[in-house]
Amino acid sequence: MKFPAFHTAKALLLLPVLFLCACGSDDEEEIEISGATRLSPEEIDAALAYRNPGAEEFFAGKRDFFQVKTEAELPEGLVWENGNDQEEFASPEAIRGGKERIWQQDFPRTLRVVGPDSSTSFRSFIHDDLSVALVKKHPETGGYYPGLCSEWAVSEDRKTAWFRIDPKAEFSDGVPVRARHFFFTFYFMQSPWIKAPWYNNWYSEKYTHITAYGDSIIEVGLKDAKPDTLRFFEEDLYPRPEHFYKDFGEDFINRYAWRFVPTTGAYVIRSEDIRKGRTLTQTRLDDWWANDKKFWRYRYNPDQREFSVIRDPEKALEAFLSGDYEMQRIRTPDVWEEKLDKPPVKKGYVVRAQFYNQIPRPCWALRLNKSKPLLDDINVRLGLQYATNFGLVLEQYFRGRYERMESSSVGYGDYTNPEVKARRFSPEKAREHFAEAGFSKSGSDGILVNDQGQRLSFTLTTGYKRYTDLLTILEREARKAGVEIQLEIIDSTAAHKKSSEKKHEIVLTALNRSVELYPRYWDFFHSFNAYREDGSLKPDTNNYTVTAYPEWDKLIDRYEKSTDLTEIKTIAHELQQKIHDDAAFIPGWVRPYFQCAYWRWVQWPKGFSARLAREHDELCIHWIDPKIKAETEEAMKDGKDFGETTLNFDQHKKKP
Amino acid sequence: MNFLRLKPLTIKKLKRFRAIRRGYVSFLLFVFLLLISFWGVGEYFVNSRALLVKYEGQIYFPTHGAFHPGTDFGFDYDYETNYRDLKKKFAEDPDSGNWVLLPVVPYNAYENDFVEGEYGPQPPNFERRHFLGTDNTGRDIFARLFYGFRYAVSFALAFMAIVFVIGIAVGCAMGYFGGAVDLFGQRIIEIWQNIPFLYVVIIVASIVRPTIGILLGIFVVFGWTSMTYYMRTETLREKSRDYVSAARVLGASNWRVIFRHVLPNTISILVTFMPFTVASAIASLTALDFLGFGLPVPTPSWGELLQRGVQNLNAPWIVTSAFGGLVVVLLLVTFIGEAIREAFDPKKFTVYR
């Protein structure tokens, strides 16, 4: 009706043209450059001899930063450690083999692990949970175990670390890992071509030097001393294969989008296993260099991991229940209780498991912007604290399965102040505080007004659409305290922008926290991240409460610089109390465990997972048992019932 | 408003419309639904506030006016009285002479009616007067459907009114004046039509909190063009008729020719398009809500209800209610439209035209 036939015809004509264009560019892209294939010995020698001209120039310009010495020059008296006295967390019973099928909401937009479009959940499968770092945090003890290195040493001032690279360590193309590869990382990560300003900044700001002693020992200097020095090397400073980046240049983002980078991890992606938009398969390296290395053996067991795309999580759940996928992550109680209440679960083909872990929790909380009118009044903030009914949310929305977050820093063991308890919902107390702020009369709709006729109304911004229901409960309950909350549920990027520019009034966010020894405060509560020098609000920081107290600044500065754990603990406790008293941070909820469901042929070590694991698949310690798989498939044909199985691992549950 | 005066022919058409039973009954039903859901009226049927309260010898009408804090009726809280609790409280003490009269559905579209120990959507429960059950947060589905209808229909009617005014004005101008006005007008409209409406809505909704006004604005800005085409052709055709020439020869002004002669003769096109415009506006709004770019949370809306229903297929009462409601309303509107089209079909009365 609206579009004449002409338009339709035009569109139809254009379609094949577009399609042909797309095919053309695809073909060009698929040049056979892949880190998945093993090189011949000559090629390996050539790869080791290769020097990137741009990198050479870069190193030459920074002689102080990049130093090359001989092994004989290694400082004396280093205390080498290797963490091998810790117990392994994988199980020797694990069976290698089988295919694990995994669903993703989106097909990965790139195989790169840096640059635009790379930080997706898919990256954890090809990098974060896979690549072998210099050291890794032991998920049970919290200590470290060796990854690429065979042993390490840390200086007394905790500003310098040495690593002896494992002689066996090599990339998936067979090129051994050498000190030079870490040099190249600095060049690579500081390059503007990777279009990753955060990394650019990190690699130029955080380190003082890197020194190679021969080919197999590196020394890395850090600008600031940290009690937990090795943490730096757990998530950053991966070696980068210089020989693979021969074409590294301005067009890196596109040129390397679909080239598989040689990895130190157990899985590779062969070019023929990428079916764009549909599936992508990882193949286990049979002769992976770390196959027999302690802490790495018995892991990464499936021979293949196949990723396919299902856009709708509801549909994915159905697909999982019909046996299309091995495992399913469970995030909300309704999935655990109702949506999994289906025959495969009831007959025991699918097992549900719940594992209590002990990790710093994502801090789901409401943050009040103190630079906004009304919210700069402590009484209004206190009123809002009491007007927020997280109790009802926990009881009804989370079905009594989650816990209240008590303070701004939960899950840090001794560094969490046990005295600080979040304020519970109380319309009476809320009204008392609002009255002190001048809001004592009720308008005709029940919302409080002050003498100037101003309504007590705030906008709550969030980018988390999935928590809409939760927020509507808070909004309804807040009315009981006489305050109106207008919900602004927008696109996550827009919400992030709005809150990092401090244009919000109240924002619901969580900042995901990696496993650290003690909490951070500088990012969230230091005036440096609140105001610019000219007094205007500072954008792009995480100080969502716009906290700027000189007294706090001093404490936080001391905290940041301190290497004394007792002092750190004292200050952490004091700051948590101050944050509580300041009332701009309304703590939300924490999930004290992770949950998953899996087909019964997926097997796990005895304790299922480890204390510091975030999700079931993070450590890759499960395996697929072909016998049980055959048995289950047989049973499904006959309708045999194994009995519903729900596992609860509460060995790490906090005792109240 | 001379041009709105009904001509004998139009009266005949309306009579014919009445004779088409299916369309006419649909029309009556639709008007009935409109009336009871209308602002100020719907509150008497579906509302958490009581219709009448007799407390300590005094009669209250809480439906309208300011809210009554719990303290007004002997509760110890300052927020709005929960009249269902009040009813229970009065029932415990029948001798006091206090009583409450609640509406048929004693819930509004927003409140969370949680039952302790029960989680998730609850199936229909006549005892608690949740006739269509509740959603994940204990909100009454019937109330949300009811008030969602109000929003959808008012939105659609407002949309239709504005679009028609713009469409008639622009279309008429292009058809009647022709020449450069027509040429440029059409090109501009063609360009305008190529702006992807859905993207604009998605972009706007992701940046600001869309209100019903903003949504209406966007719908109108991108929805007025199609009407201009029909009006343009109709005007062009009427303009070349002898009676228009005759009027001009007699010295009638453009204004008079348009309003007195051309417009009344295009009325059948307008009337025919009305129901379909309404139906498509309801459907588009629902679709947008379904995708999460529609009315602001927690406004009751059909799209949101459908979306929720699809997410919770284990609670079939949600999706069936929303789907049923949508089907019924769109059917009614379509039946009305069909009947109007048939009634206004010129072939019935004349061989010429």
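The values are calculated or read from the model by the stated rules, or taken from the named source; none is laboratory data. All of these numbers come straight from a predicted model, not from anything done at the bench. Methodologically, a virtual Cβ is constructed for each residue, glycine included, from the backbone with ideal geometry; neighbour enumeration extends over all protein chains shown.
Here are a few things to note about the model shown:
- Exactly one residue out of A:SER499, A:SER527, A:SER514 is over 22 Å from the mean Cα position of the chain (by Cα), in the same structural domain as A:ILE579 (by TED's automatic domain parsing) and small (Gly, Ala, Ser), and it is A:SER527.
- Going through (1) surrounded by fewer than 18 Cβ atoms within 10 Å (Cβ to Cβ); (2) part of a loop (DSSP other than H, G, I, E, B); (3) within 14 Å of chain B (Cβ to nearest Cβ) one by one, A:HIS504 falls short only on (1).
- Failed condition for B:ALA156, given (1) touching a residue at least 60 places away in the same chain (Cβ under 8 Å); (2) crowded, with 20+ Cβ neighbours inside 10 Å; (3) within 14 Å of chain A (Cβ to nearest Cβ): (3)
- Of everything listed in (1) outside any helix (DSSP H, G or I); (2) surrounded by 20 or more Cβ atoms within 10 Å (Cβ to Cβ), the single unmet condition for B:ILE195 is (2).
- Within the range A:406-449, the set of residues being more than 35 Å from the chain's Cα centre (by Cα), part of a loop (DSSP other than H, G, I, E, B) and among the aliphatic types (A, V, I, L, M) comprises A:ALA437, A:ILE447.
- Test: residue in the range B:201-221 that is among the polar types (S, T, N, Q) and at pLDDT below 90: yes
- Residues that are assigned to a loop (DSSP other than H, G, I, E, B), closer than 30 Å to B:GLN307 by Cβ and away from chain B (no Cβ under 14 Å) within the range A:284-334 comprise A:ILE310, A:SER322, A:GLY323, A:ASP324, A:TYR325, A:GLU326, listed in sequence order.
- Qualifying residue in the range A:544-567 (condition: crowded, with 16+ Cβ neighbours inside 10 Å and basic (Lys, Arg)): no
- Checking the stated criteria, A:THR416 turns out to be surrounded by 20 or more Cβ atoms within 10 Å (Cβ to Cβ) and either touching a Leu at 6+ places or on another chain (Cβ under 8 Å) or more than 14 Å from chain B (Cβ to nearest Cβ) (or both).
- Residues that are more than 9 Å from chain A (Cβ to nearest Cβ) and in contact with a Gly (Cβ under 7 Å, 6 or more places away or on another chain), drawn from the range B:105-120: B:ASP113
- Hey, B:VAL163 assigned to a helix (DSSP H, G or I), within 14 Å of chain A (Cβ to nearest Cβ) and among the hydrophobic types (A, V, I, L, M, F, W, C) or not: yes
- B:VAL208 more than 30 Å from B:LEU332 (Cβ to Cβ) and within 23 Å of the chain's Cα centre (by Cα): no
- Pairs linking a residue in the range A:521-540 that is over 29 Å from A:ILE568 (Cβ atoms) to a residue that is part of a helix (DSSP H, G or I) and not charged (D, E, K, R), with Cβ atoms under 7 Å and 6 or more positions apart or on different chains, are A:PRO539/A:SER500.
- Considering the conditions (1) surrounded by 18 or more Cβ atoms within 10 Å (Cβ to Cβ); (2) part of a loop (DSSP other than H, G, I, E, B); (3) touching a Lys or Arg at 6+ places or on another chain (Cβ under 6 Å), A:LEU619 is excluded by exactly one of them, (3).
- Filter result for the condition that a residue is of a type in the set (A, V, I, L, M, F, W, C), surrounded by fewer than 19 Cβ atoms within 10 Å (Cβ to Cβ) and not in a helix (DSSP H, G or I), over B:ALA246, B:ALA252: B:ALA252
- In the range B:109-150, of all residues being among the hydrophobic types (A, V, I, L, M, F, W, C) and not in a loop (DSSP other than H, G, I, E, B), the one that is surrounded by the most Cβ atoms within 10 Å (Cβ to Cβ) corresponds to B:ILE141.
- Residues that are surrounded by 21 or more Cβ atoms within 10 Å (Cβ to Cβ) and within 17 Å of A:TYR467 (Cα to Cα) within the range B:301-347 comprise B:GLU304, B:LEU305, B:ARG308, B:GLY309, listed in sequence order.
- Whichever residue in the range B:73-98 is surrounded by fewer than 16 Cβ atoms within 10 Å (Cβ to Cβ) and not in a loop (DSSP other than H, G, I, E, B) and, among such residues, is nearest to the other protein chains (Cβ to nearest Cβ): B:ASP85
- When restricted to residues that are closer than 30 Å to A:SER527 by Cα and away from chain B (no Cβ under 14 Å), the range A:335-386 contains 26.
- Of the residues in the range A:291-300, at least one is under 29 Å from A:GLU93 (Cα atoms) and in contact with a Cys (Cβ under 9 Å, 6 or more places away or on another chain).
- Of all residues in the range B:55-72, those satisfying the criterion of being surrounded by fewer than 16 Cβ atoms within 10 Å (Cβ to Cβ) and among the hydrophobic types (A, V, I, L, M, F, W, C) are B:ILE59, B:PHE61, B:ALA66.
- Scanning the range A:440-487 for residues that are of a type in the set (Asp, Glu) and either at the interface with chain B (Cβ under 10 Å from one of its Cβ atoms) or free of Cβ contacts under 8 Å to residues at least 24 places away in the same chain (or both) turns up A:ASP445, A:ASP451, A:ASP469, A:GLU475, A:GLU477.
- Odd one out for A:ARG401 among (1) more than 14 Å from chain B (Cβ to nearest Cβ); (2) in a loop (DSSP other than H, G, I, E, B): (1)
- Selection within the range B:211-239 - of a type in the set (Val, Ile, Thr), under 22 Å from the mean Cα position of the chain (by Cα) and under 30 Å from B:THR266 (Cβ atoms): B:ILE218, B:VAL220, B:VAL221, B:THR225
- Pairs are defined by a Cβ separation below 7 Å, a sequence spacing of at least 6 or placement on different chains, a first member in the range B:22-39 that is more than 16 Å from B:PHE155 (Cα to Cα), and a second member that is of a type in the set (D, E, K, R) and modelled with pLDDT under 95; the pairs so defined are B:GLY23/B:GLU338; B:TYR24/B:ARG18.
- Number of the condition not met by A:GLU533 [criteria: (1) under 28 Å from B:ASP140 (Cα atoms); (2) surrounded by fewer than 20 Cβ atoms within 10 Å (Cβ to Cβ); (3) acidic (Asp, Glu)]: (1)
- Scanning the range A:93-122 for residues being in contact with a Pro (Cβ under 9 Å, 6 or more places away or on another chain) and either in a loop (DSSP other than H, G, I, E, B) or without any contact (Cβ under 8 Å) to a residue 12 or more places away in the chain (or both) gives a total of 12.
The rows are residues; the columns are (1) assigned to a loop (DSSP other than H, G, I, E, B); (2) among the acidic types (Asp, Glu); (3) assigned by TED's automatic domain parsing to the domain that holds A:PRO192.
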site	(1), (2), (3)
A:GLY221	no, no, yes
A:ASP224	yes, yes, yes
A:PRO227	yes, no, yes
A:LEU230	no, no, yes
A:ARG240	yes, no, yes
A:ALA257	yes, no, yes
A:THR264	yes, no, yes
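- Qualifying residue in the range B:186-208 (condition: touching a Pro at 6+ places or on another chain (Cβ under 7 Å) and within 14 Å of chain A (Cβ to nearest Cβ)): yes
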